[in-house]
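Scroll down for the structure; my scribbles are underneath it.
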Amino acid sequence: MTEHDAPTPPAAAGLSRRGLFGLAAGAGVGGLLVGSAATAGVVAASSANQASAAGVHPFFGAHQAGIMTPVQDHLHFAAFDMMAGATREDLIELLQDWSYAASRMTQGLDVSATGAVGGSPEAPPDDTGEALGLPASSLTVTFGFGPTLFRDGSGVDRFGLAGRAPAGFDALPAFLGDDLDPTYTGGDLCVQACADDPQVAVHAIRNLSRIAFGRASLRWSQLGFGRTSRTTADQQTPRNLFGFRDGTANILADDEHALRDHVWVDATAGPAWLAGGSYLVARKIAMTIETWDRVRLSEQERITGRAKGSGAPLSGGDEFTDPDFAATDAAGATRIDATSHVARAHPVNNAGIRLLRRGYNYVDGNTAIGRLDAGLFFLSFQNAPDRFVTVNKAVVTDLMAEYLTTIGSGVWAIPPGAAEGSYVGADLLA
């Protein structure tokens, strides 16, 4: 039997021989990945909450985990490009191998039954081993397909997928405030690994990179810490690096109507293979931390539109009170500046559009001039990329934009979850 004609997908049977070869041949690549990353810094809602309590989230299901899953504390995000000369069969086998490995790692297991210490002492181990003895730590692994997977930058249909691309699916347009670095932009494939232990998240990306050896290569990656959103009512609203609460009005996992209307792709609105999936936008947004830190508190609050301590809108109430953009003070001025962040981002000012956010803070050391190389790694899920475009066009003209520069960007179609015994993307590639 050849490496491509296994009668059952590796998600059920294990890693393909090509995947196992990648684990051995890619040992050096895995080590480099950790080095570079270290410098960079459907289940129902009730089922998700039960899984969170146990620290284990199922990989298989109607939707991929890592979207409405309770947001974990740490992120390792990676974008990959298929290798030159890779075939459609290589892509299928890679997704099968990745799905199998992810289904094990999310249960707290090694990437294969042989694992880190069960194989021949004369061969590289199947698993890198840095997660030995660690629990699953709520690990989720989410896979996505970029526009260039369907047609590359030269317009070439490498994998026979151009006819199955979502209508209008392309790279995001240029926005005011963009200064994109190609080394943090785009990618044929993306992998979002989130966990409550950073070592578990890094372990996942490291091993998926090794498995990809010879078929896909790492384009860029990002470590994130300190989530900047919440997806369940019992999670406290976190703070971003500007010190303000972030994600107060985020879509929650138990809000089925909001998920249906704003997150999941409807069967009538997109290609059949994407029904029940979503779109992921990633934006690496650098913050001018030192400049912000010298802004007086009242101005910071005017820029944001919320009180720094409580998170309440400046129109009054508590953190979860809806902002009243018509409320005025004793002098007759609106309490919330019309160009504040909360005003420009709010659904009432953006045709009712809501995004499910799962962003993280990042700190990548210092810049060449000695400032913090830090900011927000913004992640949002929505059922159409143009919905993000609408909101972002408003946000990039708010008062906070003066302190932000977007240096990385990407958009990926997130297919629905895989059925047990199958793999992510099977409906696209069948």
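The values are calculated or read from the model by the stated rules, or taken from the named source; none is laboratory data. Source: prediction; values computed, not measured. Quick reminder, even Gly has a Cβ in these numbers, built from the backbone with ideal geometry, and neighbours come from all protein chains shown.
Of the numbered conditions (1) under 15 Å from the mean Cα position of the chain (by Cα); (2) in a strand (DSSP E or B); (3) of a type outside the set (Asp, Glu), ALA204 fails exactly one; give the number of that condition.
(2)
Every residue, every condition in (1) modelled with pLDDT of 95 or more; (2) in a loop (DSSP other than H, G, I, E, B); (3) in contact with a helix residue (DSSP H, G or I) (Cβ under 6 Å, 6 or more places away or on another chain), yes or no:
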| site | (1), (2), (3) |
| --- | --- |
| ARG210 | yes, no, yes |
| PHE213 | yes, yes, yes |
| LEU218 | yes, no, yes |
| SER221 | yes, no, yes |
| GLY224 | yes, no, no |
| ASP234 | no, yes, no |
| LEU241 | yes, yes, no |
| GLY247 | no, yes, no |
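Those residues that are β-branched (Val, Ile, Thr), within 23 Å of SER221 (Cβ to Cβ) and surrounded by 20 or more Cβ atoms within 10 Å (Cβ to Cβ), I need them from segment 359-413; list them, please.
Of everything in segment 359-413, those that are β-branched (Val, Ile, Thr), within 23 Å of SER221 (Cβ to Cβ) and surrounded by 20 or more Cβ atoms within 10 Å (Cβ to Cβ) turn out to be THR406, VAL411.
Mind checking which residues of segment 255-287 are among the hydroxyl-bearing types (Ser, Thr, Tyr) and farther than 21 Å from ARG230 by Cα?
Correct list: THR268 only.
May I ask you to list pairs of residues, at least six apart or on different chains, whose Cβ atoms are under 8 Å apart, with the first in segment 109-120 being closer than 13 Å to ARG210 by Cβ and the second being of a type in the set (S, T, N, Q) and assigned to a loop (DSSP other than H, G, I, E, B)?
ALA116/THR128
Could you tell me which residue of segment 310-344 is surrounded by the most Cβ atoms within 10 Å (Cβ to Cβ), considering only residues that are under 35 Å from the mean Cα position of the chain (by Cα) and on the phi > 0 side of the Ramachandran plot?
For segment 310-344, the residue satisfying everything is GLY311.
Regarding LEU356, is this residue under 25 Å from VAL191 (Cβ atoms), touching a Ser or Thr at 6+ places or on another chain (Cβ under 9 Å) and buried (at least 16 other Cβ atoms within 10 Å of the Cβ)?
Here the answer is yes, as LEU356 does meet what is asked.
Please enumerate the residues belonging to segment 363-391 that are part of a helix (DSSP H, G or I) and either under 17 Å from LEU75 (Cβ atoms) or of a type in the set (Lys, Arg) (or both).
Residue satisfying the conditions is ARG387 alone.
Can you tell me how many residues in segment 226-273 are under 30 Å from ASP373 (Cβ atoms), of a type in the set (A, V, I, L, M, F, W, C) and touching a Gly at 6+ places or on another chain (Cβ under 9 Å)?
2
Just checking, does segment 140-153 include any residue being at pLDDT below 95 and over 19 Å from PHE213 (Cα atoms)?
yes
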